[in-house]
Amino acid sequence: MTSTHVVVGASGGIGRAVCAELVRRGLPVRAVTRSGTPVPGAEASAADATDPPAMRAACRDAAVVYHCVNPPFAMWRSAFPAATRALLEAAGAAGARLVLADDTWMYGLVDAPMREDTPVAPVSGKGVLRAWLAEMVLAAHARGDVETVIGRAPELWGPGVESLIGAGIFASAAEGRTARWPGDPDLPVTAGYTPDVGAALVELALAPASATGRVWHTPVPPPTTGRALVERVFAAAGHPPRLGRITPAMVAGLRLVSPVAREGAELLYQFEQPFLVDDSAFRATFSTRATGWDEGIAATLAWYRADPARRRLVPA
């Protein structure tokens, strides 16, 4: 019986976190990226996730295939569906379980904590696409084509990932600059720490078959607010807190010059409403628990401080 864990999209934050967790557990890992980027403790493989023959070859002896592919925003509509189809086919051909790293954008505007049975009602094009991909993955399981399971995380933070609450808070705190929160800083928010998400995806990979064919919300630390988070991060960085907002005028200006800002602006609605994720189903079933804010903040600040260029990602 094969035992290789194949992580496709291993150069992204979640892919790296999955690889690190697999290496920590002493499991054989093949890290697949377009360029064959080396990943500590893993066998490196270069392949295009949208190329079905290349994916079949990369996953040839897999026990588990992790779909951690996250194309640039501008390529989502073309690359994401193609990669998902190719990975479902490759995992099915190998007799492997497919674990999809997902997000919460398909829930749209909510007025209560998001649960796995929260209605899917996306309000952005990316949310619609994410909902479609998740349905594609679950439908393949229902047909018996391939065993699948989905780990769904909210907005990410932590070492190895650039996000709305990553560079805007941690890079700024490391330099003592004003942090920019992407919405109302006094609303409650939950967020997924990348090492926790990686560990949760590995737990789903190793879980009994009874856990498959469904969505699980990955663990999150207790809710906080943008203001409280900024205060914690700046205190850990040794600077007095400096908090500003990403205003609609700033977004409008950035959209004129930045393709990433144009694509990301449609997701800012998440920070203009309470953004709470209910992870109780996962906690009741699995052993992975969310890392505390202070421990995660220390590790994330260390990651930003390790690279001066990374600290300058956000202008003063």
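Quick check: anything in region 87-108 over 20 Å from S11 (Cα atoms), open to solvent by 50 Å² or more (accessible area, probe 1.4 Å) and among the aliphatic types (A, V, I, L, M)? Yes: region 87-108 contains one or more residues that are over 20 Å from S11 (Cα atoms), open to solvent by 50 Å² or more (accessible area, probe 1.4 Å) and among the aliphatic types (A, V, I, L, M). I'd like to check something: does region 96-118 contain any residue that is part of a helix (DSSP H, G or I), under 19 Å from V202 (Cα atoms) and of a type in the set (A, V, I, L, M, F, W, C)? Looking through region 96-118, none of the residues is part of a helix (DSSP H, G or I), under 19 Å from V202 (Cα atoms) and of a type in the set (A, V, I, L, M, F, W, C). Taking the criterion of being open to solvent by 30 Å² or more (accessible area, probe 1.4 Å) and touching a helix residue (DSSP H, G or I) at 6+ places or on another chain (Cβ under 7 Å), the residues of region 69-79 that qualify are F73, A74, R77.
Only one entry in A90, A20, A31 is among the small types (G, A, S), touching a Lys or Arg at 6+ places or on another chain (Cβ under 9 Å) and not in a strand (DSSP E or B), namely A90. Cβ-Cβ contacts under 6 Å between residues 6 or more apart (or on different chains), taken from a first residue in region 197-215 that is farther than 11 Å from T148 by Cα to a second residue that is at pLDDT below 95 and among the polar types (S, T, N, Q), are listed as A199/T288; A200/T288; E203/T288.
Scanning region 267-284 for residues that are surrounded by fewer than 15 Cβ atoms within 10 Å (Cβ to Cβ) and at pLDDT 95 or above yields a total of 2. Could you go through region 211-220 and let me know if any residue there is modelled with pLDDT of 95 or more and either part of a helix (DSSP H, G or I) or more than 22 Å from I14 (Cα to Cα) (or both). Yes, the conditions are met somewhere in region 211-220.
The rows are residues; the columns are (1) aromatic (F, W, Y); (2) surrounded by fewer than 15 Cβ atoms within 10 Å (Cβ to Cβ); (3) closer than 24 Å to A207 by Cβ; (4) in contact (Cβ under 8 Å) with a residue 24 or more places away in the chain.
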site	(1), (2), (3), (4)
V39	no, no, yes, yes
T50	no, no, no, yes
A57	no, yes, no, no
R60	no, no, yes, yes
A63	no, no, yes, yes
H67	no, no, yes, yes
P81	no, no, no, yes
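Taking region 189-210, which residues are over 17 Å from H67 (Cα atoms) and of a type in the set (G, A, S)? Scanning region 189-210 gives A191, G192, A209, S210.
Residue-wise test of (1) in a helix (DSSP H, G or I); (2) open to solvent by 10 Å² or more (accessible area, probe 1.4 Å).
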| position | (1), (2) |
| --- | --- |
| G127 | yes, no |
| W132 | yes, yes |
| L138 | yes, yes |
| G151 | no, no |
| A173 | yes, no |
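Any residue that is at pLDDT 95 or above, of a type outside the set (D, E), in a helix (DSSP H, G or I) and closer than 21 Å to L156 by Cβ - is there at least one of those in region 236-249? The answer is yes, given that some residue of region 236-249 is at pLDDT 95 or above, of a type outside the set (D, E), in a helix (DSSP H, G or I) and closer than 21 Å to L156 by Cβ. Among the criteria (1) at pLDDT below 95; (2) in contact with a Pro (Cβ under 8 Å, 6 or more places away or on another chain), the one G183 does not fulfil is (2).
Can you tell me which residue is surrounded by the most Cβ atoms within 10 Å (Cβ to Cβ) among those in region 210-232 that are in contact with an Asp or Glu (Cβ under 6 Å, 6 or more places away or on another chain) and under 21 Å from A199 (Cβ atoms)? Going through the qualifying residues, I end up with H217.
The values are calculated or read from the model by the stated rules, or taken from the named source; none is laboratory data. On a predicted model such as this, the values are computed, not experimentally measured, just so you know. Heads up, the Cβs are rebuilt from the backbone with ideal geometry, glycines too, and the neighbour counts pull from every protein chain shown. Quick note on the areas: whole protein, heavy atoms, side chains included, nothing else; ligands and nucleic acids left out. Shrake-Rupley method; radii C 1.70, N 1.55, O 1.52, S 1.80 Å.
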